[in-house]
Amino acid sequence: MAVSHVSHFGAVVTLYILVWRIVPSNQAVKQQIAFTAACLHVISPAGLFLSSPYGESTFAFTAFLGVLCYVRAQEHRYLPTQQSALPFAAWTVLSGLSFAISTLIRSNGLLHGTIFFIDALTTLRDLLRTRKPAPLFRLLGIIIAGSLIAFAFALPQAIAYTEFCTAANSRPWCTRTIPSIYSWVQKHYWNVGFLSYWTPGNIPLFLLAAPMLVVLSITALSVCVESDQLLASIASGTNQPTSTADNTLFKHVAFQLALPQLILAIMALTSFHVQIINRISSGCALWYFILAIAVHDRSPGGFAGVWGLLGERAAKLVVRLMAAYAIVQGGLYAAFLPPA
């Protein structure tokens, strides 16, 4: 519990610093949005799981730290005064190391690997076009970072294989093409699989998970298709124009965080015990600061997100639901009932 509380505090502080660095605006707006995002993590739907002996708070801390290091790396790519390939590579490797630690804690940390996969493709394209050393250094850093995440995911599986599948020991999963103890335990003991949770008896659990699934989907898709409106919402708090480099940095990082968050929401809807999305979403940085931006939006017409479902009023309603859900979750958790 001490580790969970210290990690939760670390996650809140790291998220504040992360959002402050990425929001393209003046100091006052940066602080306002960053503080709101940090407060949203305090009242996250994960609730008691962030204080109990679970891995959620430690996962969130290491995941946020990975995103912060990733932002620092991208600053050395997009900001004119800081462009340098070697610091980019160093911060990228540190980002991969943080994400690797989070993957050791929770296997869904593997989804952060999509960030480096996309970066590797675009950097390889730049290398082939320019044939200069800078893209090469960046590509090496990206490959190392992605490899660290893959290693962290494979290491527990290799240890399990050594323990259960060697020295005349054997379990049914040992002979599979990809001998994954994760998928075996999930399927065999918890009946987890594609659409296996879609039964009438689980409808209340889908209702519990629905608000968070909507928030994760809306914030991720809004970044992908309405990034300009999002920047307009940020600019509504100040009359000072933001630099093109700052806007590009924000759009790049937000877009890279959108894909793993969207994949997580889809997997929770189709293949998980859906109610756990309320606690594992606590480690996704994107939705906190997009929701914080929506809460403080003062632009004409407002930022409504895709399908018009976000906006200032909807964002504030989500915050109230999060606070109310914490009370409901506490009672359910104490009685050993879902969403545990």
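Taking first residues from segment 76-102 that are at negative phi and in contact (Cβ under 8 Å) with a residue 12 or more places away in the chain and partners that are surrounded by fewer than 20 Cβ atoms within 10 Å (Cβ to Cβ) and outside any helix (DSSP H, G or I), the Cβ contacts under 8 Å between residues at least 6 apart in sequence or on separate chains come to 76/82; 76/83; 76/84; 77/83. Figure legend. Inter-residue proximity from segment 325-336: first residues closer than 16 Å to residue 204 by Cα, second residues not in a helix (DSSP H, G or I), beta-carbon distance below 6 Å, spacing 6+ or different chains. Indicated pairs: 325/45; 333/340. Counting only helices (runs of 4 or more DSSP H) wholly contained in segment 226-340, the ones carrying 1 or more residues that are surrounded by fewer than 16 Cβ atoms within 10 Å (Cβ to Cβ) and at pLDDT 85 or above occupy 244-271, 311-334. Flag not set for residue 103, criterion: outside any helix (DSSP H, G or I) and either of a type in the set (Ser, Thr, Tyr) or crowded, with 19+ Cβ neighbours inside 10 Å (or both). When you check residue 218 against the structure, is it modelled with pLDDT of 90 or more and under 30 Å from residue 180 (Cα atoms), yes or no? Taking the combined requirement at face value, the residue does not satisfy it. All conditions but one from (1) closer than 24 Å to residue 24 by Cα; (2) surrounded by 20 or more Cβ atoms within 10 Å (Cβ to Cβ); (3) not acidic (Asp, Glu) apply to residue 142; the one that does not is (1). The set of residues in segment 145-174 that are more than 29 Å from residue 94 (Cβ to Cβ), at pLDDT 90 or above and crowded, with 19+ Cβ neighbours inside 10 Å is empty. All told, residue 57 falls short of being under 14 Å from the mean Cα position of the chain (by Cα) and surrounded by fewer than 19 Cβ atoms within 10 Å (Cβ to Cβ).
All told, residue 35 falls short of being buried (at least 22 other Cβ atoms within 10 Å of the Cβ), farther than 30 Å from residue 89 by Cβ and of a type in the set (Phe, Trp, Tyr).
In segment 1-19, the residue that is modelled with the lowest pLDDT out of those that are over 18 Å from residue 284 (Cβ atoms) and hydrophobic (A, V, I, L, M, F, W, C) is 1.
The values are calculated or read from the model by the stated rules, or taken from the named source; none is laboratory data. Everything numeric here is computed off the predicted structure, so don't read it as measured data. Positions of Cβ are backbone-derived with ideal geometry, glycine not excepted, and every protein chain shown enters the neighbour counts.
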